[in-house]
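Everything on this sheet refers to the single structure shown next.
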Amino acid sequence: MSVQDTLTQSDESIILTKGLTKRYKDTIAVDNLNLKIKKGEVFGLLGPNGAGKTTTTLMLLGLTEPDAGQAFINKIDCTKNSLEVKKQVGYLPDNVGFYPDMTGRENLRFIGKLNGLDGSSLEEQIDRLLNRVGMAKAADKKTQTYSRGMRQRLGIADVLMKNPQVIIMDEPTLGIDPEGIRELMALIRELAEKDGRTLLISSHQLYQIQKVCDRMGIFVKGKLVAHGTLEELGQQINNGGVNTIELSVYPENVKLKNLLDNMEGILELQKQNEYYVIRSGYDIRRKLSKLLMENGYTIMLLRPAGSDLDEIYRQYFEKAGETDAGSKRKKISRA
Amino acid sequence: MQAAKGKKYHGLKVLFEKEVADFINSKRMLLLILFMIIITISGLYAALSGISDSVEENASFIFLKLFTVSANSIPSYNTFLALLGPFIGLIMGFDAINNERSEGTLNRLVSQPVYRDNIIIGKFLAGCFIIVIMIFASGILIGAVGFLQIGIPPEAEELGRLFVYLCFAIIYIAFWLALSILFSTVCRHAATSALATIAVWLFSAIFVSLLAGIIADAIYPLDNYEGMFNQLNNYNCELNLNRLSPYYLFSEAASTILSPSIRSINAVTVTQLSGALSGYLSLGQSLLLVWPHLTALCALMLIMFAISYVFFMRQEIRAN
């Protein structure tokens, strides 16, 4: 089948964009995007709401025409030959919808037929996929009775109906309970490792995504500001000259605050929950621990926070002049 | 690998089947059937109770009278269909596209390997298919029950006229279906598109005739001395304005087809009538009279569908 066909060309990038650009009246949704995703990889496209993630996925599917640039999936031009692309790419939109008056099985059957399946092979495929996503029991209930998590699982079965090489998921973790997310993440890894499919996941929920992605791209204001593995992203930030550490000290008192405030090299001091978050221009850990010891404090915790995705994310937003991700939402309104 | 590639119309076929199945299984289909039953029964009732009076006046083409005779203030089948037919199209099409959009099924559908236009074409064709079945079922039912009641077998020409009439009705209702699909493409909410279609329906069924009279009187005043010269122009102007309404177009065409005694649909002067033999028109001649109506109705239907097609193809498919 199609998945094996391309195992031979495993080294090449399966998703490729060159200078992809999309403008809406007064805003640039996607700005000169160059993206390379290798076969069998799970790539996370991370960014705040309205950063252009959905627009990018729509352009990859040929559902929106780019104003400039090109996108290729498996060397097929996504804009010019979108029908061919849609045969190989499964798309799971956020808030996936099903025909409410049809059962889960009927919904899958309809999609299977649209993809040219028929007869017993279609029924076998449906049963196999329903089992795989754990929906076999609820398959003959109408989809209007499904919960959010069930719809999401049916959505994945729906995407797999066409046996795609590439799967694009738009905010897959939205509105799903922790257990559901755990299962979803396991399934995503399985799809990549066992089946050799390529996954592109766009999301703003960092913690869930960082666990499953091989590589990530951070997307702000239509621009890919950084990409790479978690470690690479962390290094890129440290090279930018900012160092973040978390500190917890006993006893905690006003004198400590004064001490830290007066210490040289600290750019920013914040109290977060149990500990202080300290940002500095260079690595101050040695100096800091010495100072605290001299003043009779016990260090309970001292660790660099640089490799945490949340931190990386925040810093990139700041670099891109983006301090409040939420305020962006109103600007690019899609009403 | 997969069979879809070879068959160009495979996607359309699947979509068409799904839409037809959807219509038949939906609750609104019950509503539609109820609607058709009411139209059919009241039309039949009116015809059967009024037909004896009508036959006393004129005993030819009795079979066709089943569709045109009204009695005891109950309108005829023809009148009913002209007035309420739009509702059938409206009920079938008012949420065709925007419902898919709000349910989130549209972006799942467009990411499948089918041409995007197949989605809207499939919906329209499925609607037309249902209309054809309903209209023929109801027309044949009236014919059959009427035949049993009056006991006079229809002539071939009468059957031909009935067939043409039912085809007119189908195109007329398909126009309203296309219009409601158009509004469902343009409007975000199903309620808005339903209201918009109802507005057009009310306008064409009621207000066009009022406005036509007012405008004709303004352009060709009928008072004073000049009124005498304006009489014909006034009438023609009003008639042509009325014909802008699909409701009027259909009514005029339907009564011409169903009544062979109608020899002209425009104003006829006495001089034109001199030397004319009184008699009935053949089906071919009647068709000739309403050919422009047929063309206009078809064109209206296709234009509405074409506009919604273009809108649909240009619309951004966004996750809401």
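Between helix B:208-219 and chain B there is an angle of about 60 degrees, using the helix long axis and the longest principal axis of the Cα atoms. Rg and Dmax of chain B, both derived from C-alpha coordinates alone, stand at 22.4, 82 Å.
Taking the charge dipole of region B:32-175 about its Cα centre, with +1 at Lys and Arg Cβ atoms and -1 at Asp and Glu Cβ atoms, the residue from B:172, B:42, B:79 reaching farthest to the positive side is B:172. With neighbours defined as other Cβ atoms within 10 Å of a residue's Cβ, the residues A:215, A:128 order from fewest to most as A:128, A:215.
Across region B:152-165, coupling constants 3J(HN,Hα) worked out from phi with the 6.51/-1.76/1.60 Karplus curve, θ = phi - 60°, read 10, x, x, 7, 4, 5, 5, 5, x, 5, 4, 4, 4, 4 Hz, and Gly and Pro carry x. The angle between the Cα long axis of helix B:190-202 and the main principal axis of chain B comes to about 10°, on a 0 to 90 degree scale. By the helix-only formula, in which each DSSP H run with n ≥ 4 contributes -39500 (n - 2.57) and the sum is divided by residues, the protein assembly as shown has a 222 nm mean residue ellipticity of -18000 deg cm²/dmol.
Each of A:204, B:189 was scored by other Cβ atoms within 10 Å of its Cβ. Listed from fewest to most, they are B:189, A:204. Cross-link partners for residue A:25 among the lysines, with Cα-Cα distance under 17 Å and sequence neighbours closer than 8 places in the same chain left out: A:221, A:328, A:330, A:331. For chain B, the longest principal axis of the alpha carbon atoms and the long axis of helix B:10-25 meet at an angle near 70°. For the protein assembly as shown, the share of DSSP beta bridges that are antiparallel, to the nearest 5, is 70%.
Legend: calculated FRET efficiency, residue B:299 to residue A:118, from the Cβ-Cβ distance at R0 = 41 Å, rounded to 0.05, equals 0.60. Annotation for residue B:232 and residue B:306: the two label points, set 7 Å from Cα along the Cα-Cβ direction, are 3.5 nm apart. Within a straight-line Cα-Cα reach of under 20 Å, residue A:271 can be paired with the following aspartates and glutamates, leaving aside sequence neighbours fewer than 8 residues apart in one chain: A:246, A:252, A:261, A:283, A:308, A:310, A:311, A:318, A:324. Taking 27 Å as the cut-off for C-alpha to C-alpha distance, list the pairs among A:141/A:211; A:22/A:194; A:87/A:194 that go past it. With Cα atoms farther than 27 Å apart: A:141/A:211; A:22/A:194.
Here the contact order of region A:2-228, divided by its residue count and restricted to Cα pairs under 8 Å and six or more residues apart, works out to 30 percent.
FYI, it's all coordinate maths here, none of it is from the lab. Treat the numbers as computed from the prediction; the structure is a model and nothing was measured. Don't worry about glycine lacking a Cβ; one is built from the backbone with ideal geometry, like all the others, and counts go over all protein chains shown.
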